[in-house]
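Laboratory data are not the source of any read-out in this text; all were calculated from the coordinates shown. Since the structure is predicted, the reported quantities are computational estimates derived from the model, not experimental observations. Quick reminder, even Gly has a Cβ in these numbers, built from the backbone with ideal geometry, and neighbours come from all protein chains shown.
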Amino acid sequence: MKNFAIAAMTAVVAILIGSSAIAKETRSLSDFLSDCSKNSRVCHGNLHDYLLAAKNQGFVCPPDDLSMDRAVSQELDWLRKEGAADAALYNGNAEDAQWTAITTLWPCKKD
């Protein structure tokens, strides 16, 4: 189910922003973070669109009072911190890492 949700989110985000970089299947978190260092605007846009798509589809539930800019900063901080601590995450698929970040940071409460 997790892989299906990740694949669905990747497809939705790729369609929403039309970015070939996001659709790149083998892009690692390491590559993504390196690109973020080179072009923070594109990086933040990528994270913003991914988070917004996940939120709109009900996969994650960030607090209503949390701005998208602040949420993106928190997500990027999480990816950098956890990537530095976990070689498998750092060298693994960037979209999987983004999914892990947002579902860890803002899980939806189960009724």
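Annotations for the structure displayed:
- Approximating the spin labels as points 7 Å out from Cα along Cα→Cβ, the H48-to-S67 distance works out to 1.1 nm.
- With the simple model of a label 7 Å out from the Cα in the direction of the Cβ, N39 to Q57 spans 2.4 nm.
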